[in-house]
Amino acid sequence: MSQADELSRVKARIRALAEKTTSNGCTEAEALSAAEMVGRLLERYALTMEQVDLRDTLCVQMQVFAGGQRRRPIDGCVVAIARFCDCKVWLTRSELGVAYIFFGLETDAMLARYLFEVIASAVRTEVVAFKQRNPRLRDIRLRRASDSFQHGMVARVAARLTAMHAQREATVAAQRSTGTALILAKHQLVETAFRATQTRLVSARNLARRVIRTAYQDGLQAGERVNLSRPLTGGDEQALIP
C-alpha cells in the first residue's frame, strides 16, 4: 500500500471514529474508546483536524454534580482536568447543588466528566483509608486533617494532569513542522463554538486555607496513585496502533 493510500485509509478511519458519539447511539464506553483512538491516530500521523474534515464536529456541555452548595477540595483539580481534555469549564449553582460544566468536543467533554468521576471516587476511597490509618483523630482535628489530605491529593492530581498535557502537546508539535496545526485547529474550534454561546466566565476566587502538613503530604502520595489512564475497550481499532 502506498503512503497516500495509507493516509487516505487513516483519514477515513478517523472520520468513522469521530462519528461514534452518544448522540449517534453509542454507549459512553464506546465513545470514549473511539475518542482515544482518534487522538492517537492524529498524533501518530501528525494530522490536523482540517485535514481529516472534522471542522463540523459539534461542541457540547457536560454537567457534573459536585454535591452540596459548598466548594470542595476536588475543585482544586477541575481546571487541570478541563485543560487536559481541551475543554472550557465553569461552576454553576442551583437547588440541586454545585455543578461543573465542561464545554468542548463531545468526546473531550465526556473524557473530562469521566476523569472528574474517577478522581472524585479515588478521593472518597483514599479519605476512608486515611481515617482508618489515623484512629486518634477526632472532631475538628479529624475534619481539618481530612480536608488537608484531600487538598494534597487533588493538588498532586492537578500537577500530573498539567504535566501530561504539556508532554502530549510537545509530542504532537515535535512530530513534524505542521504538528502544531492540530493543537491550534482544535483550540480554535472550541473557542469559536464557546464564543457563540455568549457565556461570560469569571475567575473563581482562590480560597485561603490552612492545612495540616503531615496530612497534606499523605494526600500528595495518594494523588500519585490515582489511575489517570484513558479508558480503552478491546476492539479492532487497537490493531491500527503498533
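Overview of results
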quantity: Rounded FRET efficiency, nearest 0.05, which uses the C-beta distance separating Q167 from A12 and R0 of 30 Å; calculated: 0.55
quantity: Net length gained if the chain between R70 and S121 were fully extended (0.36 nm per residue, minus Cα distance); calculated: 16.5 nm
quantity: Solvent accessible area, Å² - V64, 1.4 Å probe, full protein context; calculated: 10 Å²
quantity: Solvent-accessible surface (1.4 angstrom probe) belonging to T192, in square angstrom, nearest 10; calculated: 70 Å²
quantity: Solvent-accessible area of M62 with every protein chain in place, 1.4 Å probe, in Å² to the nearest 10; calculated: 20 Å²
quantity: FRET efficiency for A196 and Q217, using Cβ-Cβ distance with R0 set to 51 Å, rounded to 0.05; calculated: 0.70
quantity: Rounded, prolate or oblate (a/c below 1.5 giving rounded, otherwise prolate when a/b exceeds b/c) for segment 90-173 by Cα gyration tensor; calculated: oblate
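The values are calculated or read from the model by the stated rules, or taken from the named source; none is laboratory data. Here the structure is a predicted model, which is why all the values come from computation and not from measurement. Every residue, glycine as well, gets a Cβ built from its backbone with ideal geometry; the counts of neighbours run over all protein chains shown. All accessible areas refer to the heavy atoms of the entire protein, side chains included, with ligands and DNA or RNA removed. Shrake-Rupley method; radii C 1.70, N 1.55, O 1.52, S 1.80 Å.
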